[in-house]
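Working notes for the structure below.
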Amino acid sequence: MTTLSGKTLFITGASRGIGRAIALRAARDGANIVIAAKSAVPNPKLPGTIHTVAREVEQAGGRALAIQCDIRDEAQVRDAVAQAVATFGGLDVLVNNASAIWLRGALDTPMKRYDLMQEVNARGTFLCSQACLPQLLEAENPHILTLCPPPSLEPRWWGPHTGYTLAKMGMSFVTLGLAAEFAGRVAIDGLWPRTVIATDALKMIPGVDVAGCRTPEIVADAAHAVLVQPVSAGTGRFLIDEEVLQAAGVADFGQYAVEPGAALQPDLFL
């Protein structure tokens, strides 16, 4: 299989950034995209809503269902999955993209922020997976792809921001566990960028220089390359976008550079 035509993807956090890019890449194949995110009304500081992405998906050749959904809320998640099934007849792919970030040390991490990261990242990934799995188990070539790093116990990734690392690695460990539980039935993998990705949220952080970043399209192209693979290709893998694309025959990575020739900034956890 080389296309996602006719497949239904449920993508969390798809109102902007990497989630949006994955949605638009699949839409070009003619896929059905469930855009599940909190942003339903325009934010003057942060562009993109579920409705603007839905229009972009349809313009790209896909079918769209925009659902305002807070993945911390179990009832909202289960209702969103029910709406998706009622609209498109089933689910083929879940992309766990939604994530919260706070890169501060223990004394500078409010518990409200800590709780948000745990609820969105690890718990949200588990909840969305649990809600989608009954449908995925009925699909022809089901995938769960989670935007999470290779699991690591290296102190250098934990010391500077224990709260965030715990939440993000929590997504990785959920991926590891579910992949083992559903091996042979659903391909469940992690995907992480080699470099920092220039998302709209990143650009809002004061002092951040995006010159050494890549665009979200590199992650979207890598996600597409994974999602068209058969379940038998593997599961429980922690894949790096650049390596996935190299294996798929991509040689020109300059096309993804924000500023061609600039020294690339490696992402966290690599």
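The values are calculated or read from the model by the stated rules, or taken from the named source; none is laboratory data. Just so you know, these numbers come straight off a predicted model, no measurement behind them. Cβ coordinates were reconstructed from backbone atoms using ideal geometry, including for glycine residues, and neighbour counts include every protein chain displayed.
The number of residues in the stretch 227-260 that are farther than 20 Å from ASP189 by Cβ and either part of a helix (DSSP H, G or I) or in contact with a helix residue (DSSP H, G or I) (Cβ under 8 Å, 6 or more places away or on another chain) (or both) comes to 7.
Among the residues of the stretch 177-199, those that are buried (at least 20 other Cβ atoms within 10 Å of the Cβ) and not in a loop (DSSP other than H, G, I, E, B) comprise LEU178, ALA179, ALA187, ILE188, ASP189, GLY190, LEU191, TRP192, THR195, ILE197.
Selection over the stretch 70-93 of residues that are part of a loop (DSSP other than H, G, I, E, B) and more than 17 Å from ASN121 (Cα to Cα) gives a count of 4. Inside the stretch 216-228, residues that are buried (at least 18 other Cβ atoms within 10 Å of the Cβ) and in contact (Cβ under 8 Å) with a residue 60 or more places away in the chain make up a count of 9.
So for the stretch 56-71 (the condition being of a type in the set (Val, Ile, Thr), closer than 23 Å to ARG113 by Cα, in contact with a Ser or Thr (Cβ under 7 Å, 6 or more places away or on another chain) and modelled with pLDDT of 95 or more), does at least one residue qualify? Within the stretch 56-71 (the criterion being of a type in the set (Val, Ile, Thr), closer than 23 Å to ARG113 by Cα, in contact with a Ser or Thr (Cβ under 7 Å, 6 or more places away or on another chain) and modelled with pLDDT of 95 or more), the answer is yes, since at least one residue qualifies. I'd like to check something: does the stretch 9-28 contain any residue that is closer than 18 Å to GLN229 by Cα and surrounded by fewer than 19 Cβ atoms within 10 Å (Cβ to Cβ)? Yes - at least one qualifying residue is present in the stretch 9-28. You will find that of GLY163, GLY170, GLY124, the residue that is in a helix (DSSP H, G or I), surrounded by fewer than 21 Cβ atoms within 10 Å (Cβ to Cβ) and not charged (D, E, K, R) is GLY170 and no other.
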